[in-house]
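Notes follow the structure.
Bear in mind that the values in this text are calculations on the coordinates, not laboratory data. A quick note: this is a predicted structure, and the numbers were derived from the prediction, not measured. Cβ: placed from backbone, ideal geometry, glycine included. Neighbour counts: every protein chain shown.
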Amino acid sequence: MTLEVNQLTGGYSSIPVLKAETFDVQDGELVSLIGLNGAGKSTTINHVIGLMTPFSGTIKLNGLRIEDDVQRYKQQIAYVPEMPVLYSELTLREHVDATIMAYNLDHLVAWDRANRLLKLFRLENKLDWFPANFSKGMRQKVMIVCAFMTDAKLLVIDEPFLGLDPLAVDDLLNLIEEKKAAGVSVLMSTHVLDTAEKHCDRFVLINDGQVNYEGTMEQIKEHYQDLGDSLTDIYLSLA
Ligand code: ATP
């Protein structure tokens, strides 16, 4: 799945936050949005997943724009938000069933995948629990299970690492690798730069709603050669 964001301008009410952003994510790539608080990472993500409408510019998934076919566009994306959003009146089992319905998945195949993920995140015995019974990290894991059990070709993950324990971070990184190997593209945002540097294929450096630079770690180091050798050093020098 190729995500192409071209000259994207957007924001809240009529106030522009994103100022003509252009970047892409290719088949099987893990690309990270990097930027200070308020740089526009979540706003970019909100536009990509179709939660916000651009003022101008285009967003395409393998050439498909949301206005071409809203349902098809949204079914190609699975989203894990920074703050877990679950339905308070639904159990974990019902969240899995709701995901199956939303993505039109085969029930047996999807439950098979869900069971594997639930076991990985030690949630397999909590199918009758409601969101109120879960800790924040457990709620985040539920959101990861629901996203990773789909057939979505683009995974969008907003700051996945901060609320998860180290075991779960490793598990998540392995799951991302599996998805990438299957050709799924992943767009994430994170402040955990050492992990990002190790695992991401490319980085989109965002400042004040604009893309400062987009490239691999090698390209970033060459572009900002005087600023340091690690993503953290370069990012802090740019701040
Ligand atoms: P963080 O690292 O803190 O999550 P971010 O890079 O994701 O930051 P955004 O949440 O996209 O940043 O915010 C970009 C800009 O949009 C900021 O100036 C912020 O004040 C503004 N903004 C965010 N949410 C809203 C909103 N609901 N209404 C109005 N302005 C908003």
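Normalised Debye scattering of the stretch 1-43 at q = 0.16 Å⁻¹ gives log10 I(q)/I(0) of -0.49, counting only Cα atoms as equal scatterers and leaving out solvent. Listed by Cβ neighbour count within 10 Å, with the fewest neighbours leading, 88, 42 appear as 88, 42. Residue order for 213, 87, 224, fewest other beta carbons within 10 angstrom first, comes to 87, 213, 224.
Taking other C-beta atoms within 10 Å as the exposure proxy, 226, 68, 97 rank 226, 68, 97 from fewest upward. Counting lysine pairs in the chain whose alpha carbons fall under 13 angstrom apart, excluding pairs fewer than 8 residues apart on the same chain, gives 8.
Taking Lys and Arg as +1 and Asp and Glu as -1, the other residues whose beta-carbon sits under 15 Å from that of residue 46 total -2.
The residue list 66, 115, 190 was ranked by how far each Cα lies along the charge dipole of the chain toward its positive end, using unit charges on Cβ atoms, and 115 comes out on top. Under a model in which nothing but the beta-carbon of Lys, Arg (+1) and Asp, Glu (-1) is charged, the chain shows a dipole of about 620 debye around its Cα centre.
Each principal axis of the Cα cloud of the chain was taken in turn, and the coordinate range along them, longest first, works out to 53, 40, 32 Å. Model label sites at residue 127 and residue 58, defined 7 Å from Cα along the beta-carbon direction, differ in position by 4.5 nm. Placing +1 on the Cβ of every Lys and Arg and -1 on the Cβ of every Asp and Glu, with no other charges, gives the stretch 1-77 a dipole of roughly 240 debye about its Cα centre. From helices alone, the chain scores -11000 deg cm²/dmol at 222 nm; the rule is -39500 (n - 2.57) for each run of n ≥ 4 DSSP H residues, then divide by the residue total.
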